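Participant: Got a structure for you, questions after.
All of the numbers you see were taken from the coordinates with simple rules; none came from a lab. Here the structure is a predicted model, which means the values were calculated and not measured. Counting neighbours? That spans all protein chains shown, and the Cβs are built from the backbone with ideal geometry, glycine included.
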């Protein structure tokens, strides 16, 4: 250890803050807020009670690729402004644990950056995912976030 380490200040090094992502086709800027109350991109596509974020880039990529709209697929770095909880569609109610590290909130997220370089899924993977979501819909299996 260096003599000038934090033992003289009484402070210990802080861990890195968790990074969260939000995938969408919305055109946002740093400082903008993402808020509930707009039409959902998933489930019954009704007025969204929750907004979603994830700690994995892959889940954010899926969010961008599957979202509604004609805009460019985007992935934003976001900070929650209030409590977040596990997304029940992707956690213990359907899968053990939270493998995609997907969360939801009724509180806004602040956009703090954008991931400009990322590689999306193949068109075949996207078609397979959309077909699987359509099959769930046909079976009457709705998003737990629509409840």
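Participant: At 7 Å along the Cα-to-beta-carbon direction for both residue 27 and residue 127, put a label point, then send me their distance in nm to one decimal.
Facilitator: Distance between the two pseudo-spin positions: 3.0 nm.
Participant: Of 102, 122, 33, 67, how do they rank once you tally other Cβ atoms within 10 Å and put the fewest first? It would help to have the intermediate numbers written out before the result.
Facilitator: Details: 102 22, 122 9, 33 13, 67 18.
The most exposed by this proxy come first: 122, 33, 67, 102.
Participant: Based only on the alpha carbon positions, what is the Kirkwood hydrodynamic radius of region 20-142, in angstrom?
Facilitator: On the way: mean 1/r = 0.0673 Å⁻¹.
Radius from the Kirkwood sum: 14.9 Å.
Participant: While we're looking at this one, here's another question. Using a 7 Å offset from the Cα along the Cα-to-Cβ direction at both residue 55 and residue 112, what is the distance between the two label points in nm, to one decimal?
Facilitator: According to this spin-label approximation, the distance is 1.4 nm.
Participant: Taking only C-alpha pairs under 8 Å that are 6+ residues apart, what is the relative contact order of region 20-142 in percent? Mind showing how you got there, number by number?
Facilitator: Details: 231 pairs, mean separation 39.7, N = 123.
Relative contact order, region 20-142: 32 percent.
Participant: How much length is gained on full extension from residue 85 to residue 70, taking 0.36 nm per residue of separation minus their Cα-Cα distance?
Facilitator: Values: separation 15, 0.36 × 15 = 5.40 nm, distance 2.94 nm.
Length difference between fully extended and current span is 2.5 nm.
Participant: Quick one: order 107, 22 by neighbouring beta-carbon count within 10 Å, fewest to most.
Facilitator: Values: 107 14, 22 22.
Ordered from fewest to most neighbouring Cβ atoms within 10 Å, 107, 22 come out as 107, 22.
Participant: For the residues 27, 32, 87, what sequence is obtained by ranking on other C-beta atoms within 10 Å, fewest first?
Facilitator: On the way: 27 10, 32 16, 87 24.
In order of increasing Cβ crowding within 10 Å: 27, 32, 87.
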